[in-house]
Amino acid sequence: MKLKVSALSKDDRTQWQELYIGYAEFYNMPMNKTILDTIWAWIFDETINFYAYIAKNGEGKALGLMHFRQTLSPIRGAAIGFLDDVYIYPEYRGLGVVDSLFSALNDFGKSKNWPFIRWITEEDNYRGRRVYDKVADKTQWTTYQMFID
């Protein structure tokens, strides 16, 4: 299958939105127009270092997406990458879409001189973790989340 990975353009809104709604459904997270509009604005706001890639087939149909950002690592005194979201339509999984997205992410990280890119996933995301085990090293860190009251 012919694949093209590129940064999102403003013409990609409809296809991106359909993919992202699928991603939210996968994680049983609520999604609405306000959230979608906010994320869309982040992608095109050059001041916040938030990025999005979209993978399309030869006919221009979107098959997958990836959101990532730059964050700071104080202990290193350096910027690093953080992958927030990666989602491939279920019917296109196993066809190299995610590999193409990770290859583009790696190239982007090199262009920014990031020493690495981190991400988290659910413990039971076994299919995703099989991919991640091929492209990255699992760290020893346990993630905590403090809710703000």
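Going residue by residue through the range 82-92, is there one that turns out to be in a loop (DSSP other than H, G, I, E, B) and at pLDDT 95 or above? Yes: one or more hits.
Of the residues making up the range 119-136, those that are open to solvent by less than 80 Å² (accessible area, probe 1.4 Å) and not in a loop (DSSP other than H, G, I, E, B) are 119, 128, 129, 131, 132, 135. Going through (1) open to solvent by 60 Å² or more (accessible area, probe 1.4 Å); (2) modelled with pLDDT of 95 or more; (3) assigned to a loop (DSSP other than H, G, I, E, B) one by one, residue 99 falls short only on (3). Can you find, within the range 82-100, the residue that is nearest to residue 127 (Cα to Cα) among those that are charged (D, E, K, R) and within 10 Å of the chain's Cα centre (by Cα)? Here the answer is 85.
Would you mind telling me which numbered condition in (1) touching a helix residue (DSSP H, G or I) at 6+ places or on another chain (Cβ under 7 Å); (2) farther than 29 Å from residue 2 by Cα residue 45 fails? Evaluating residue 45 over (1) touching a helix residue (DSSP H, G or I) at 6+ places or on another chain (Cβ under 7 Å); (2) farther than 29 Å from residue 2 by Cα leaves (1) as the failure. Do we find a residue being under 30 Å from residue 139 (Cα atoms) and small (Gly, Ala, Ser) anywhere in the range 11-31? Checked the range 11-31: at least one residue is under 30 Å from residue 139 (Cα atoms) and small (Gly, Ala, Ser).
For residues that are among the charged types (D, E, K, R) and not in a strand (DSSP E or B), scanning just the range 102-118, find the one that is nearest to residue 66 (Cα to Cα). By that ranking, first place goes to 107.
Checked against (1) open to solvent by less than 80 Å² (accessible area, probe 1.4 Å); (2) not in a strand (DSSP E or B), residue 70 passes all but a single condition, namely (2). Considering (1) within 14 Å of the chain's Cα centre (by Cα); (2) under 30 Å from residue 115 (Cβ atoms); (3) part of a helix (DSSP H, G or I), the lone condition that residue 41 does not fulfil carries the number (1). Taking the range 22-41 as the range and being touching a residue at least 12 places away in the same chain (Cβ under 8 Å) and either open to solvent by 90 Å² or more (accessible area, probe 1.4 Å) or over 21 Å from residue 105 (Cβ atoms) (or both) as the test, the residues that pass are 26, 36. Contact map, the range 58-69: first residue in contact (Cβ under 8 Å) with a residue 40 or more places away in the chain, second residue open to solvent by less than 10 Å² (accessible area, probe 1.4 Å) and among the aromatic types (Phe, Trp, Tyr), Cβ cut-off under 8 Å, separation 6 or more or different chains; pairs are 62/16; 65/16. The numbered conditions (1) of a type in the set (Asp, Glu); (2) over 14 Å from the mean Cα position of the chain (by Cα); (3) at pLDDT 95 or above are all true for residue 46 except (3). Count of the range 42-57 residues, restricted to those that are open to solvent by less than 80 Å² (accessible area, probe 1.4 Å) and without any contact (Cβ under 8 Å) to a residue 12 or more places away in the chain, is 1.
The values are calculated or read from the model by the stated rules, or taken from the named source; none is laboratory data. Small disclaimer: the values here were computed from a predicted structure and weren't measured. Please note: Cβ atoms are built from the backbone with ideal geometry, for glycine as well, and neighbour counts cover all protein chains shown. Remember, those area values only see protein heavy atoms, side chains included, never the ligands or the DNA or RNA. Shrake-Rupley method; radii C 1.70, N 1.55, O 1.52, S 1.80 Å.
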